[in-house]
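Here is the structure we will look at, set down as structure tokens.
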Amino acid sequence: MKLEFRSLTTGEVSGYALAFQLRPAFRRSHTKTCLNPAFWVAAVSLALGSPSASAAGPFPTNMTRVSAYTDMPTGLNPLNATPEQLQANGLPPRPDQVKNPSGYRIWKRVVTAPAKRVMPWLSDAPVQHRPPAGAAKLSNAYFSDGNWSGEVLLAYGATSWGYSSFYQIVGSFDVPTVGQPLGACTAGWDWAAIWVGIDGWGTSDVLQAGVDLGASCSGGSTSAIYYPWVEWYPGPAIQISNMQVSPGNDMYVWVWNTSPYQGYAYIVNLSNNTAAALSITAPPGHSVVGYSAEWVVERPANANGQLYNLARYTQSYWANMWSENFYGTASYPGAPAANVGSWQFIMDDNSNYPVSYPVLQGASAMWVYDENSAQTSGSP
């Protein structure tokens, strides 16, 4: 029997849960629905308390430290909602329309997108995302390291969580097609991760969300995997198993925090009109500072901290990149605010040859390209 999973509305879950409890005939005829993991996650959430008319959560999930938001209540207009209503429904904070007009336009597009939220079924991701490994300064604008490539902003005044801290960041990217280097075909997996995050450079934590891309090969045939995730390092990366991501999809990822210990992620796939809204608490003994904000293509690590080979992604285009501090001051990769530094990271492989590098495009866009051993087998 083939099981077909789909997201359920709050009303469907409530009705199914009651009927499944009371009617044996209903249990027999709707077994397929009730085997849907999203059904049980939402049913447990409803048992703990029904959602109010102005809030979509957060509801517990099957993973500790992570909660989720369902679809917004009918009639709630994000453009007119209060900050409290936005937060109660898992939506990112509204940028000031006067101080940050381009940020407001991006926010408006994201919060008004006709995206159906998944009630996420979560699992441990097969990889982990980490702070930069062995970063070394190359010039006044570039660093090299072993796992990050992309753009990093530094808030020089943010020595602890406060007004100068980066507290929200957004970026959009097209999901590239991944494979192993040209001329290679191995059963092992190569990986790339595309994400936005806060902290990681100069701190022991990273609050982040994005998309993982993995590639393996057997008999000349490539297998690939794509999925969205959220992570508060050094906690584990958490995969959103029931949100589909495919090559060519237009993704928006927004990450923010409301305290040193409470973070949020809003992941929107504009190509298939799905979204996931999540809250995540800091791992024990850790908190966010907001010292750095970054847009990264990474080669992630396994559970033992060993870096995977970078998957061949060829190129990754980013747009709509900005971050903001609690003063409401926006910084862009190509136009950082006062007392904010902008740095480009170049990723090296295990032999210290570059394999991924960024090229900024104006204030708020960039290309990231792979090269050498990530592009062609046997290259330096």
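Laboratory data are not the source of any read-out in this text; all were calculated from the coordinates shown. A quick note: this is a predicted structure, and the numbers were derived from the prediction, not measured. Neighbour counts run over all protein chains shown; Cβ positions are idealised from the backbone, glycine included.
Points worth noting:
- Coil-residue chymotrypsin sites (Phe, Trp or Tyr not before Pro) of the range 214-284, DSSP, other Cβ within 10 Å capped at 16: Y261
- Packing-based ranking, highest mean first, of 80-91, 281-292 given that Cβ atoms within 10 Å are counted: 281-292, 80-91
- The range 90-166 versus the range 330-374: alpha-carbon centroid distance in Å: 14 Å
- Averaged over residues, the count of other Cβ atoms within 10 Å places the peptides 199-212, 233-246 in the sequence 199-212, 233-246, highest first.
- 13 Å cut-off, amide nitrogen to a point 7 angstrom out along S246 Cα→Cβ, residues in the range 210-230: 226
- Think of the range 124-265 as having a plus end and a minus end, set by charges on the Cβ of Lys, Arg, Asp and Glu; of G157, G200, S241, G157 sits farthest toward the positive end of this dipole.
- Amide N of the range 192-221 lying under 18 Å from the label point, which is placed 7 angstrom from the Cα of T159 along Cα→Cβ: 202-204
- With the simple model of a label 7 Å out from the Cα in the direction of the Cβ, K108 to N62 spans 4.0 nm.
- Whole-angstrom gap from the range 311-328 to the range 261-282, using each part's C-alpha centre: 16 Å
- In this calculation the C-beta distance from F326 to E84 is compared with R0 = 22 Å, giving a FRET efficiency of 0.85.
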